[in-house]
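Values quoted throughout were computed directly from the atomic coordinates according to the rules given, and no laboratory measurement underlies them. All values reported here derive from a predicted model rather than from experimental measurement. Methodologically, a virtual Cβ is constructed for each residue, glycine included, from the backbone with ideal geometry; neighbour enumeration extends over all protein chains shown.
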Amino acid sequence: MPTLLQLPIGKAVTVRTAADLFLDSLGNPNTVRNYGIAVGKTAERLGEGRPLASVEDAEIGEALKLLWGRSAVNTWNARRGAVLSWTGWCSERGYEGPTSRPGRSGWRYRTPRPRPARRWPSTG
C-alpha cells in the first residue's frame, strides 16, 4: 500500500533565504545596513540552512539575549525591533515560521533604568 505524504500548506524557506528576501524588500540603504546586522547575526545564530518553520519564538529570544543581552538599551531595542519586523514580514507573506510574540518568549522591550540626578558642587 502506498504511503501518503502531507505537503506543507504555507511557503517553506530556510532562515537565510527568509532573511535575504526581507532585506531585499527594504528600500532605504541605511535601514538595510542596520537591519542586516540584527537579522543577519540572528539568522547565523539560528542556523542559516535550517527551515524557518522549525524555528520557535523562544529560540529567537535566546539568540537575541546571547547576541545583545548585555548591550545598551537602545541597541537591544533596535536589534529586537529589526528581528520583530523580519518575523512579522515573513508571517504577512505566508512564510512558515515563528509568530511575532516577543513578550511571551523573553525578548521584551526594555526601558532605560532611571538615573539619579547629578549633584553639582556649589559655586558659592
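A few notes on this one:
- Using the average count of surrounding beta-carbon atoms within 10 Å as a protection proxy, the listed peptides 86-94, 25-33, 67-75, 39-47 rank, highest first, as 39-47, 86-94, 67-75, 25-33.
- Counting all C-alpha pairs of region 15-92, share separated by more than 16 Å (%): 44 percent
- Point-to-point label distance, T99-A12, nm (Cα→Cβ direction, 7 Å offset): 2.1 nm
- Charge tally around C90: other residues with Cβ under 10 Å, Lys/Arg +1 each, Asp/Glu -1 each, net 0.
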